[in-house]
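Notes for the one structure printed next.
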Amino acid sequence: MKHLTLFKWLTVLTCLVMFLATFGGGIVTKTESGLGCGTEWPLCNGKLVPAHTVASLIEYSHRAVSALAGLLSIASFVAFLRFGKQRRDLQLFSFLTLLFVIIQGIMGAFAVVFSQSSAVMALHFGFALIAFASSLMMALGIRQEARYGGLERLNQYPRVSKGFRNLVWFSTIYTYLVVYTGAFVSHTNSAGGCSGFPLCNGQIVPELSGGVAVAFAHRLAAVSLVIVIAILGHFAYRKHPDNRELRTLGVLSVVLILLQVVIGMFMMWTINRPEVYMFVALAHMLDIAILFGVLTYMSFLVYKLHRPVNRF
């Protein structure tokens with residue numbers, strides 16, 4: 001692949017800025033700074049440079065980082081389109097990165113100018129997560145290209161079963177759906193709907209009304225996700241002794257989901273201490289973003305490893 005060094009730096013920078021844009025969106029939500037620039041876009045309270053209030057600075061910084069992510073996405077897409085024609089997979093990931101950056105940027109602008117429902121706003125984070133995962137796949141793909149000369153190294157690994165491939169894909173899709181329920185909790189201000197842990201308001205099944213129902217539904221989804229990831233980690237580690245990469249990813253997935261549970265517990269314990277709760281909530285978002293990135297990479301890996309060797 002031509003210009004490999006330039007590709008490496010461009011994809012790593014794109015992935016890093018995409019992560020910062022995703023993380024910044026979480027900060028905007030948790031600090032309720034979404035209207036820090038009023039109902040104007042792209043200006044901030046009628047100015048190119050906003051007034052120095054905390055809310056306006058947070059919102060404006062997020063806009064600036066998101067704009068940079070968009071420019072880097074365009075650069076990556078054009079670069080792969082011109083010089084990465086032998087890696088159709090990376091061209092696809094560069095396109096998905098650009099597409100979802102544009103979508104979530106438009107959604108962000110509409111959320112400022114027009115009032116959006118909580119369900120739609122929750123999708124904003126979900127689309128940003130897909131953009132981040134796609135940019136991560138670009139960066140990892142170029143790393144493979146630089147170290148191994150492409151995907152030929154995967155020929156050394158035994159093929160994976162259709163059942164395991166489907167398990168990985170299901171786990172990835174289900175993780176995304178659980179992330180959406182968590183984003184919906186944030187955008188409906190339902191985090192306090194379930195107090196205490198592991199019980200919800202001191203009950204196994206609480207009275208399901210309003211924010212309680214939203215928070216409880218997310219808890220159920222999260223518990224089932226822990227079970228799904230535990231099963232995935234078991235099969236990744238026990239059934240693939242000759243594939244160190246799959247085993248490592250399986251173990252890492254289990255570690256990340258258990259860490260997510262611990263962070264979730266701390267969220268319940270610190271919900272009445274906003275100065276601490278915000279940082280715990282951001283750690284919660286950071287952990288799930290990394291887990292989704294790991295599962296996305298696993299999904300691509302098992303797709304390649306399920307195909308016959310001679311089709312690489």
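Overview of values
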quantity	calculated
Potential lengthening between Val261 and Ala75 on full extension [0.36 nm per residue; Cα-Cα distance subtracted]	63.2 nm
Pairwise FRET efficiency - Glu245 versus Trp9, Cβ, R0 = 25 Å, nearest 0.05	0.55
Separation of the Ala146 and Leu68 label points, Cα + 7 Å toward Cβ, nm	2.0
Label-point gap, in nm, between Tyr303 and Leu16 - each point 7 angstrom along Cα→Cβ	2.7
Simple Cβ-charge dipole of the chain, Lys/Arg +1 and Asp/Glu -1, about Cα centre, in debye nearest 20	1460
Top positive-direction residue, dipole computed over the chain with Cβ charges, set Cys194, Tyr297, Leu220	Tyr297
Percent carbon-and-sulfur accessible area, segment 126-272, ignoring ligands, DNA and RNA, probe 1.4 Å	66
For the chain, calculated [θ]222 nm from helices alone, where every DSSP H run of n ≥ 4 adds -39500 (n - 2.57)	-26500 deg cm²/dmol
Debye, to nearest 20: dipole size of segment 156-311, +1 on Lys, Arg Cβ, -1 on Asp, Glu Cβ	900
Unit charges on C-beta of K, R, D, E only; dipole of segment 80-237, Debye	720
Solvent-accessible surface ranking, highest first, for Thr188, Thr53 at 1.4 angstrom	Thr53, Thr188
GNM result for the chain, Cα springs below 10 Å: residue of Gly70, Gly192, Gly293 fluctuating most strongly	Gly192
Solvent-accessible area of His284 with every protein chain in place, 1.4 Å probe, in Å² to the nearest 10	40
Per residue value of the accessible surface for the chain (all protein chains in place, 1.4 Å probe), Å²	50
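The values are calculated or read from the model by the stated rules, or taken from the named source; none is laboratory data. Not measured: the values here are computed from a predicted model. All Cβ positions, glycine included, derive from the backbone under ideal geometry; neighbour counts span all protein chains shown. When the accessible area is computed, the model is the full protein with side chains, heavy atoms only, and any ligands, DNA or RNA have been set aside. Shrake-Rupley method; radii C 1.70, N 1.55, O 1.52, S 1.80 Å.
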